[in-house]
Amino acid sequence: MLKQLHRNKGRQLLIGFLIGIGFGFLLHKGGVTDYNVIVRQLLLEDFTVVKIMLTAVLVGMIGVHLLRNLGLAQLHPKPGSCGTSIIGGLIFGLGFALLGYCPGTVAGAVGSGALDALLGGFTGILIGSGIFASLYPFLEKGILKRGDFGSVTLPEWLKVNEWVVIVPVSLLIVGLLWWIENAGY
Amino acid sequence: MEWLTTARWSPYLVGLGIGVLSCLAFLLSNKPLGCSTAFARTSGMLEKMFRGDKALRKKYYRKFPPIIDWEWLLVAGVIAGAFISAISSGSFNIVLVPDVWAQAAGESAVTRWVVAVVGGIFIGFGARWAGGCTSGHGISGTLQLAVSSWIAVCCFFIGGIAMAMLLFRVILGV
């Protein structure tokens, strides 16, 4: 039944839109569609962004792996390499601080009336994506492949059952959140 | 139902909600949440508009065709969902220059726009280089325990924190 739903293109477009509405609604309620909240996180003055992300990861990690154990979900880990994850990550980080939004929150910011997100953010992200698309043939065989590790997950890499990773990580996340809250953030 | 229209919720409640949405995305759509691909596809659509089908010969646009797909509608939904939240809580505000920026660098909308475009270029470029953004890697990838995502999210924040400190503390001196 689920497989049929997954294959129904029309239904999927609607589901994507509805999940998006939920996502945008939550991001806005969380305050992370606000430039000020994001930049203050990067300046380590406000930990709303990290609290939301860590909580989402905690809940999603347990939920998705439970669903997977029940045969109701499949994992889709992204492939990567030192060249893509490290360099791409740092370039993104640079942009994160300058723009003050990420691709998801910039869309939410537009929805809440931020014109810098619409006129500046959207424009820049589209240009940047386009530049990458043009440079891709030159990059893909070289730097993007350096230190390639494919789409390996931590349990696969450590050769353990996923719950051997999930349980300690969950405790670590709870510990981190408790520490942040306790430190007055 | 007053809680539905308050402007701000606990980050833990929001995180719980996003975690649940992630589960729903896997269950109902067999997909992780992600946002940067939608921008890559839209960039392709724009290039197609201006350069015609020549644009489609780009290897990257054969890998990520400029079509409206699930993730594109997800991002469209994000705009709508944030709008609904903003309007219903009375916090929809047209803002040209955010407060933290204005306090550090002044009220000029043009300056803010230039910096935003440059920042956006790095975001768009970096996200495609890394193969995802704070949603795709930062949330979806990390919850799947993908090594690529754990490395990427650490670098997102190392780069972001370093640049923010450099920009605000050193360059702008606040």
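3J(HN,Hα) along region B:119-125, derived from phi through the Karplus expression 6.51 cos²θ - 1.76 cosθ + 1.60 where θ = phi - 60°, amounts to x, x, 4, 5, 5, x, 5 Hz, with x in place of Gly and Pro. Of all segments of chain A bounded by trypsin sites (Lys or Arg not before Pro) found in a DSSP loop with no more than 14 other C-beta atoms within 10 Å, the longest spans A:1-140. Residues whose amide H lies under 5 Å from that of A:His76, counting only those 5 or more places away or on a different chain, are absent; hydrogens are built 1.01 Å from N in the peptide plane.
Each of B:Arg51 and B:Ile67 was given a label point 7 Å from its Cα along the Cα-to-Cβ line. The distance between the two points is 2.1 nm.
Here region B:67-86 and region B:1-40 have alpha carbon centers that stand 11 Å from each other. Charged side chains reduced to their Cβ positions (Lys and Arg at +1, Asp and Glu at -1) give region B:26-77 a dipole of some 360 debye around its Cα centre. Of the residues B:Tyr61, B:Tyr12, the one with the largest accessible area comes first in the ranking B:Tyr12, B:Tyr61, computed with a 1.4 Å probe on protein heavy atoms.
Where the only charges are on Cβ atoms (+1 Lys, Arg; -1 Asp, Glu), what is the dipole of region B:12-171 about its Cα centre, to the nearest 20 debye? Can you show the working numbers first?
Values: 13 positive and 6 negative charges, 156 e Å.
Charge dipole of region B:12-171: 760 debye, to the nearest 20.
Using Cβ point charges alone (K and R +1, D and E -1), the dipole size of region B:1-105 about the Cα centre works out to roughly 800 debye. The share of accessible area on the protein assembly as shown that comes from carbon and sulfur is 70 percent, using a 1.4 angstrom probe.
Using heavy atoms of the protein chains and a probe of 1.4 Å, the accessible area assigned to A:Ser134 is about 50 Å².
Karplus-derived 3J(HN,Hα) values for region B:158-174, using 6.51 cos²θ - 1.76 cosθ + 1.60 with θ = phi - 60°, are 4, x, x, 5, 4, 5, 5, 4, 4, 5, 7, 7, 8, 5, 8, x, 10 Hz; glycine and proline are entered as x.
Per residue, the Cα convex hull of region B:24-152 amounts to 159 Å³.
Amide H contacts of A:Asp148: A:Cys82, each under 5 Å away and 5 or more positions distant or on a separate chain (H built 1.01 Å from N in the peptide plane; Pro and chain starts excluded).
Sorted largest first by accessible area at a 1.4 angstrom probe radius, with every protein chain in place, the residues B:Phe26, B:Phe83 fall in the order B:Phe83, B:Phe26. If you sort B:Phe168, B:Phe92, A:Phe138 by accessible surface, 1.4 Å probe, largest first, the order is A:Phe138, B:Phe92, B:Phe168.
Per residue, how much accessible area does region A:8-83 have with a 1.4 Å probe, in Å²? Per residue, region A:8-83 has 36 Å² of solvent-accessible surface. For chain B, the mean residue ellipticity at 222 nm estimated from helices alone is -20000 deg cm²/dmol, where every DSSP H run of n ≥ 4 contributes -39500 (n - 2.57) and the total is divided by all residues, rounded to the nearest 500.
Can you grab the distance from the C-alpha centre of region A:47-90 to the C-alpha centre of region A:119-185, Å, no decimals? Computed from Cα coordinates, the inter-centre distance equals 8 Å. Can you list the lysines whose alpha carbon is less than 22 Å from that of A:Lys29, not counting same-chain residues fewer than 8 positions off? Reachable lysines: A:Lys51. Placing unit charges on the Cβ atoms of the charged side chains and taking the dipole of region A:1-111 about its Cα centre, the candidate lying farthest along the positive direction among A:Ile21, A:Thr84, A:Val49 is A:Ile21. In order along region B:146-155, the phi-based Karplus estimate (6.51 cos²θ - 1.76 cosθ + 1.60, θ = phi - 60°) of 3J(HN,Hα) comes to 6, 4, 4, 6, 4, 5, 4, 5, 4, 5 Hz; Gly and Pro are listed as x. Here the contact order of chain B, divided by its residue count and restricted to Cα pairs under 8 Å and six or more residues apart, works out to 26 percent. Under a 5 Å amide H cut-off, with hydrogens placed 1.01 Å from N, A:Thr153 pairs with B:Val147 among residues at least 5 apart or on other chains. Entry for region B:9-86 at q = 0.16, 0.22, 0.23, 0.27 Å⁻¹: log10 I(q)/I(0) = -0.71, -1.01, -1.06, -1.23, Debye formula applied to identical alpha-carbon scatterers, no solvent contribution. Straight Cα distances below 18 angstrom link B:Lys59 to the aspartates and glutamates A:Glu140, B:Glu47, with same-chain residues fewer than 8 positions distant left out. Once B binds A, the 1.4 Å probe can no longer reach about 10400 Å² of accessible area, counting both sides. Per residue, chain B exposes 42 Å² of accessible surface when a 1.4 Å probe is rolled over the protein heavy atoms with every protein chain present. Taking all Cα-Cα distances within the protein assembly as shown, those exceeding 30 Å account for 32%. As a ratio to 2.2 N^0.38 Å, the alpha-carbon radius of gyration for region A:42-136 is 1.34.
The values are calculated or read from the model by the stated rules, or taken from the named source; none is laboratory data. Fair warning: this is a prediction, and the values are worked out from it, not measured in the lab. Neighbour counts are summed over all protein chains in view; Cβ atoms, including those assigned to glycine, are modelled from backbone coordinates with ideal geometry. Keep in mind that these areas ignore ligands, DNA and RNA; they rest on the heavy atoms of the full protein, side chains included. Shrake-Rupley method; radii C 1.70, N 1.55, O 1.52, S 1.80 Å.
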